[in-house]
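Heads up, the thing below is written out as structure tokens.
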Amino acid sequence: MSSLQEFRCEICGIVTNNPIHWYVIRCGESELTVLRWKAEAAGAADARHLCGEADAQIYISRWFDSVCSPPKPDFIRSSSAVHSD
């Protein structure tokens, strides 16, 4: 007898035991990998489950924001303001 495993989308919270068209994202501090749904990948300890392309894009965008914060200074804008005497 096999048990059904449920998965929850990291963005919208929807729960399913039939993840058709879902994605698995595995990420760390400096690397992010997007995979089409595979049970092996979905079961990994660091796996994130996303119910579709739109939610996967949101997750990726949030990951970039967290990795790239605070933003790099704009030296071109800063130097042109100094030289505009």
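The values are calculated or read from the model by the stated rules, or taken from the named source; none is laboratory data. Fair warning: this is a prediction, and the values are worked out from it, not measured in the lab. Counting neighbours? That spans all protein chains shown, and the Cβs are built from the backbone with ideal geometry, glycine included. Please note that ligands, DNA and RNA were not included when accessible areas were found on the heavy atoms of the full protein model with its side chains. Shrake-Rupley method; radii C 1.70, N 1.55, O 1.52, S 1.80 Å.
With respect to the conditions (1) at pLDDT 75 or above; (2) over 24 Å from residue 9 (Cβ atoms), residue 55 falls short on a single one, namely (2).
Test residue 84 against the criterion of being closer than 19 Å to residue 9 by Cα, surrounded by fewer than 11 Cβ atoms within 10 Å (Cβ to Cβ) and at pLDDT below 95, and give yes or no. Answer is no for this residue.
From the residues in the range 40-52 that are open to solvent by less than 80 Å² (accessible area, probe 1.4 Å) and part of a helix (DSSP H, G or I), which one is nearest to residue 15 (Cα to Cα)? The qualifying residue nearest to residue 15 (Cα to Cα) is 42.
Looking across the range 14-39 at every residue that is open to solvent by less than 70 Å² (accessible area, probe 1.4 Å) and assigned to a loop (DSSP other than H, G, I, E, B), the one that is nearest to residue 55 (Cα to Cα) is identified as 22. Condition test on residue 67, is it in contact with a Leu (Cβ under 9 Å, 6 or more places away or on another chain) and open to solvent by less than 50 Å² (accessible area, probe 1.4 Å)? So residue 67 does not fit the description; no. For residue 49, the criteria (1) within 22 Å of residue 4 (Cβ to Cβ); (2) modelled with pLDDT under 95 hold in every case but one, which is (2).
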